Amino acid sequence: MTRPLVRLVALARPGPRLLLGAVAGAAATGAGIALLATSAWLLARAAQHPSVAALSVAVVTVRALGVGRGLLRYAERLLTHDAALRALTGIRSRVYDRLAISEPLRLFRGGDLVTRLVSDVDAAQDLLLRGLAPAIVAAIAGGGTVVLVTVVYWPAGALLAVGLLLAGLCVPVLSSALGRRPGARLATARGGLATEVTDLLSGAPDLIAYGAVDTVLERVAAADAELTAVARRDALLVGLGAGASALITGLTVWAVLLLGVAAVAHGTLTSVPLAVAVLTVLAAFEVVAPLPPVAARLGALRAAAVRLFGVLDAPSATTRVAVPAEPPSGPTALRIRRLRVRYGPAEPWALDGVDLDLPPGRRIALVGPSGAGKSTLAAVLLRFRDPDEGEVLLGGLPLTAYDPDDARRVIGGVPQDPHVFAGDLRANLLLAKPGASDAELITAMESARLGPWLRGLPDGLGTEAGTYGSRMSGGQRQRLALARALLADPPIMVLDEPTGQLDPEARRALTADLLDATRGRATLLITHELEGLEEIDEIVVLGEGRVLARGSHADLLAADGWFRQSLGRIRPGLRTPSV
């Protein structure tokens, strides 16, 4: 139960601010208890009609405690919330850093991942503000109150100690045990509902087209019903804990009152200390009141911590060296030898002994059937995973010797499914080169063949692209990604299926534009488009992770292999060029 929560506290690194805030909270709570005790003394003593001078100290004390309690409570809120917000900032930074390093995005569905990054991270705040800080306050203020009551009337102090232990320790432990399973289900149900809603919203066009909206809505309703049922059970446990605490408080106060009345009747206690003891005991249970509710939620907090560490502990597909090599500057060569990659010990090799040379200025097209390993090679070159065997040399050094971010500045390009952010065209382009002038952005758009379209837009670079580029066509999104790559200006360009989502005519047009835009630049074009590759220096055919053939366009057409057969299906009556 405790290990994920201990890890979460260690990850939060609350620091001395939380401790200072808890001390301020204990002082504020103590001031409140002392205020009620002093008020009890003042009222009981005033009933005896003493002189005003005998009450003056108590009157001043009441005022001081009233003002001090407010100031101390403000200091507590300021310090504890500052510590919690700083902790959340640190946790989110570590989560984002981990996502960037290990790329575990593919392991989680979109809505579930969002819930882990938002609600589950917020669990750290609940644990610090509603769990750890109140426990420290209860220990300090509760112990001090027991000592005070013991001095006034020791049987009342003993009863108070027992009552506080029952309400502040036994009830929370019982609430925690009863809330463990519902709490775990609560976190899971919340993530399930977020996933279903995200899938419904993001996939709405396809769901409407296939008439599947009602089916998905039923799943959303079922997930909502599950979350509601679990939340009700969680609320029931919180209510039971609060009720048990109130019962223990009442029983303790009655016990102290009965003992005190008996002591007054026997002459061993006077009425003024009795009033002070009873009202102090009543006020003392304020220190343990927050503990049962948070204990009932420990199961949910633990489940949230487990889900959060599921992201942080996701296995990294890449490694980082302690002292990375300095990345090469200017034109550089890429050399691949006996490269082997697979996605698991029992999985087949996605790449099995691939050799490839990409010197400066050379353009190579990598073609082959689906599942041949083309995108795996792109993932290796862009440092999204490391080779299992063989080597990839960049500037004469292994690619893994460089920091991944440095390597991506040398080897860049266009991913298979480029993301267009919900912003204007300028913001999307500036991702590749912050600080670039509008003239540079327009030049990149012109090179990507988006100039005529851009000039026809009333707002120009300020035109909103829409969510996921919804205001752009598929070809325009791909060309925008190409413009970003040209702005980044990496020495080596990797284009992973840049025409994969376009119709045949658009694919041919974009392929021609890509070849024109990358002229004179070391380029690896990974594509299913077999037409328009006549200007490519070398075509490499990949199949089942192995190189099946390589050569110029004319060489591959002259050989009876996969390239000629596949191109023949696209161009019936294709003739082999004379050699």
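The values are calculated or read from the model by the stated rules, or taken from the named source; none is laboratory data. Quick caveat, the model's predicted, so the values are computed rather than measured. All Cβ positions, glycine included, derive from the backbone under ideal geometry; neighbour counts span all protein chains shown. With ligands, DNA and RNA removed, areas are computed over all heavy atoms of the protein, side chains included. Shrake-Rupley method; radii C 1.70, N 1.55, O 1.52, S 1.80 Å.
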**Complete:** Checked L542, L524, L502, L495 against criteria (closer than 26 Å to R426 by Cβ and at pLDDT 85 or above); the one match is L495
**Request:** Working only within the stretch 388-406, note down all residues that are over 21 Å from L525 (Cα atoms) and part of a loop (DSSP other than H, G, I, E, B).
**Result:** D388, G396, Y402, D403
**Asked** Can you name the residue in the stretch 340-387 that is basic (K, R) and part of a strand (DSSP E or B) and, of all such residues, is surrounded by the fewest Cβ atoms within 10 Å (Cβ to Cβ)?
**Response** R340
**Request:** State whether one or more residues within the stretch 14-32 are open to solvent by 30 Å² or more (accessible area, probe 1.4 Å) and hydroxyl-bearing (S, T, Y).
**Result:** no
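Would it be correct to say that L556 is touching a helix residue (DSSP H, G or I) at 6+ places or on another chain (Cβ under 9 Å), open to solvent by less than 50 Å² (accessible area, probe 1.4 Å) and modelled with pLDDT under 90?
yes
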**Asked** Limited to the stretch 282-319, what total is found for residues that are modelled with pLDDT of 80 or more and not in a helix (DSSP H, G or I)?
**Response** 3
**Asked** Hey, which of the strands (runs of 3 or more DSSP E) in the stretch 447-551, taking only ones fully inside, have at least 3 residues that are open to solvent by 20 Å² or more (accessible area, probe 1.4 Å)?
**Response** 546-551
**Prompt:** Restricting the stretch 423-437 to residues that are free of Cβ contacts under 8 Å to residues at least 24 places away in the same chain and open to solvent by 70 Å² or more (accessible area, probe 1.4 Å), which is nearest to V410 (Cα to Cα)?
**Reply:** P434
**Message:** Would you confirm, using the coordinates I've provided, whether L399 is farther than 26 Å from L557 by Cβ, open to solvent by less than 50 Å² (accessible area, probe 1.4 Å), in contact with a strand residue (DSSP E or B) (Cβ under 9 Å, 6 or more places away or on another chain) and without any contact (Cβ under 8 Å) to a residue 24 or more places away in the chain?
**Reply:** yes
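In the stretch 536-563, which residues are more than 45 Å from the chain's Cα centre (by Cα) and either touching a residue at least 24 places away in the same chain (Cβ under 8 Å) or within 20 Å of A512 (Cα to Cα) (or both)?
Quick first cut of the stretch 536-563, residues more than 45 Å from the chain's Cα centre (by Cα) only: 551-561.
Matches in the stretch 536-563: G551, S552, H553, A554, L556, L557.
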**Asked** Of A305, A255, A263, which residue is open to solvent by less than 60 Å² (accessible area, probe 1.4 Å) and closer than 26 Å to L227 by Cβ?
**Response** A305
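Can you tell me which residue within the stretch 407-422, out of those that are open to solvent by less than 20 Å² (accessible area, probe 1.4 Å) and in a strand (DSSP E or B), is modelled with the highest pLDDT? Show your work before the answer.
The first filter runs over the stretch 407-422 and keeps only residues open to solvent by less than 20 Å² (accessible area, probe 1.4 Å), leaving 407, 410-412, 414, 418, 420.
From what is left, the residues that are in a strand (DSSP E or B) are 411-412, 414.
Working: I411: 90, G412: 84, V414: 80.
This residue is I411.
Do any helices (runs of 4 or more DSSP H) lying entirely in the stretch 138-252 carry at least 2 residues that are closer than 30 Å to Y468 by Cβ and free of Cβ contacts under 8 Å to residues at least 24 places away in the same chain, and which ones are they?
Details: elements: 154-165, 171-202, 204-209.
The qualifying helices (runs of 4 or more DSSP H) are 171-202, 204-209.
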